[in-house]
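K.L.:
Submitted below is the structure of interest, expressed as structure tokens.
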Amino acid sequence: MHALKKNRPLRRIVLASAATVSGMVLLLSLKPHSTPAAALAVPAPSGSSSAAAATGTRTVTGDTVQTRWGPVQVRITLKNGRLTEVTAVTYPTENPRDQEINSFALPRLRSEALQAQSANIDTVSGATYTSDGYRQSLQSALDSARG
């Protein structure tokens, strides 16, 4: 006879309780990821003072930002105060998944940065930590170059 037949209601109650407790433990053990407040990018100031100070071509490397999956660092080139190049110098490459994510995310982040001319860029879905680190490093490079 099957173990969960009606003649054994106590066994069903015990199994249902154990399954409920196990499910609750699993749910409570999940930790929501939170983005550090520093990851919020503030656009670089624009105005006559920054434009006057930024003449010629400058290449600046931003701060290395530690993310959950590894460090991220970018290098920018400004020509006459305009962002002309953004290169990811350091980014997570430890495993094939990191390589896959970053081969998808980094070109999009670069394109957005060049279009926005600031660190005020969107997060690439599936690459949240890399996007946050990229924005922070980009902002630090822009601050150094323009400030």
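FYI, it's all coordinate maths here, none of it is from the lab. Note that the coordinates shown come from a computational prediction; the quantities given were computed from them, not determined experimentally. Cβ atoms come from the backbone with ideal geometry, glycine included; neighbour counts cover every protein chain shown.
K.L.:
For a quick protection proxy, order the peptides 128-141, 85-98, 111-124 by their average other-Cβ count within 10 Å, most packed first.
P.N.:
Taking the mean over residues of other Cβ atoms within 10 Å, the ranking is 128-141, 111-124, 85-98.
K.L.:
Based on the inverse mean of 1/r over its pairs of different Cα atoms, what is the Kirkwood hydrodynamic radius of the range 56-147, in Å?
P.N.:
Hydrodynamic radius (Kirkwood, Cα pairs) of the range 56-147 is 12.8 Å.
K.L.:
Using the per-residue mean of other Cβ atoms lying within 10 Å as a proxy for protection, in what order, highest first, do the peptides 21-29, 62-70 fall?
P.N.:
Descending packing order for the listed peptides: 62-70, 21-29.
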